[in-house]
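Only one structure is covered here, and it is reproduced in the block below.
The values are calculated or read from the model by the stated rules, or taken from the named source; none is laboratory data. Model, not experiment: these values are computed from the prediction. Cβ coordinates were reconstructed from backbone atoms using ideal geometry, including for glycine residues, and neighbour counts include every protein chain displayed. Side chains are part of the model used for accessible areas, which takes the heavy atoms of the whole protein and leaves out ligands, DNA and RNA. Shrake-Rupley method; radii C 1.70, N 1.55, O 1.52, S 1.80 Å.
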Amino acid sequence: MWLFLLLAGLTVVTLLVVLFAPHIRYAAGGVCMSSARLDGKTVLITGANTGIGKETAMDLAIRGARVVMACRDVDKGEGAAASIRAAYPEAQVEVRELDLADTCSVRSFAQQFLTDFTHLHILINNAGVMMCPYTKTNDGFEMHIGVNHLGHFLLTSLLMGLLKRSAPARIVVVSSLAHNFGWIRFHDLHSQGSYNSGLAYCQSKLANVLFARELARRLKGSSVTVNSVHPGTVNSDLTRHSTLMMIFFTVLSVFLKTPREGAQTTIYCAVAEELHSISGKHFSDCAPAFVAPQGRSEETARRLWDASCELLGIQWD
């Protein structure tokens, strides 16, 4: 059975590479050309201790923002913050503990954030897990859907009032090209009947796209925008749970984006002046990108919204 699941996971990855080869390039891809300053602005980035999250934190700090780096591993977060300060001594960066696999941690983080900050201008839901072995969060959710979607869903809901009071404000949801291979399995959202790490990841990335589109619909007229992004195929430690994926990425590293290159679309959606009123869209390489049909379904988006609220025990009108 394990061999079958392994081969199925590899098949998903191979299909991503083969079918979407035009989007996986040696070139760095799109670059955020905006010179917008963020002086006096507050930014919150989840998973900012490594990869594109860290690069995003660096860029926005250089633009003058006060950047809160929300990390599960505080020690690694402090190391990342120290490296940002070393490169840019004036950087206003601070680390706070946030474990998206634990709703108690999410609630505690949000409560303290609301106590300490009077504004939140940019929320970047960046943290994520990829192709990890079957595990559950502290609340019994399958890890991919629990961290990549439900954790951020809850965090965003708890901070929504502050975002609205800080408007104009932006939310950026980091998804993936993998959403094209995702299906929301409402009958088995937590993969208890069957589990494939690759497909579970794809489902969570589709959930990201659907969440961004439905949230944008609900926020229409509020001056809070939300868009999702595909960062590209980035050489980062996101593949740490899969030995074969790590080998795969190492062999093809010359064709992959660096974290700095992968962060460009996130940065673009966070700061570009021309996107001040654009919401509910999906971007890649700093340009509008294709969304799979299942990612454009309003019915699926609303059903996922309701299911997420029920699982988290919250009401979010």
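Quick one: accessible area per residue over the stretch 108-244, 1.4 Å probe, rounded to a whole number of Å²?
34
Order Y88, Y268, most accessible first, counting only protein heavy atoms with a 1.4 angstrom probe.
Result of the area sort, largest leading: Y88, Y268.
Short version: ³J(HN,Hα) in whole Hz for each residue of the stretch 184-194, in order, from phi by Karplus 6.51 cos²θ - 1.76 cosθ + 1.60 (θ = phi - 60°), x for Gly and Pro, what are they?
Here the 3J(HN,Hα) series is 7, 8, 4, 6, 8, 4, 9, 6, 7, x, 7 Hz.
Please calculate how many Å² of accessible area the stretch 43-94 carries per residue, with a 1.4 Å probe and no DNA, RNA or ligand atoms counted.
Per residue, the stretch 43-94 has an accessible area of 38 Å².
Between the stretch 261-317 and the stretch 51-110, how far is it from one alpha carbon centroid to the other, in angstrom?
Centre-to-centre distance over Cα atoms comes out at 22 Å.
If you rank W183, W305, W316 by how much accessible surface each has, with a 1.4 Å probe, what is the order from largest down? Before the final figure, lay out each step's value.
Values: W183 165, W305 5, W316 35 Å².
I get W183, W316, W305, largest accessible area first.
Please find the FRET efficiency linking K76 to S35, where r is the Cβ-Cβ separation and R0 is fixed at 25 Å, and quote it to the nearest 0.05.
Calculated transfer efficiency: 0.25.
Give me the net charge of I314's neighbourhood, meaning all other residues with Cβ under 13 Å from the Cβ of I314; Lys, Arg count +1, Asp, Glu -1.
For residues surrounding I314, the net value is -3.
Checking the cross-link filter: which lysines have an alpha carbon closer than 20 Å to that of K136, excluding same-chain neighbours under 8 positions apart?
Filter leaves K205.
In whole percent, how big is the carbon plus sulfur part of the accessible area of the stretch 111-151, probe 1.4 Å, protein atoms only?
51
Would you tally the net charge around N196, using a Cβ to Cβ cut-off of less than 13 Å, leaving N196 out, and scoring K and R as +1, D and E as -1?
Residues near N196 contribute -1 overall.
Can you give the extra length, in nm with one decimal, that the chain gains between E274 and F117 once fully stretched, where that is 0.36 nm per residue apart less the Cα-Cα distance?
Between E274 and F117, full extension yields 53.8 nm more.
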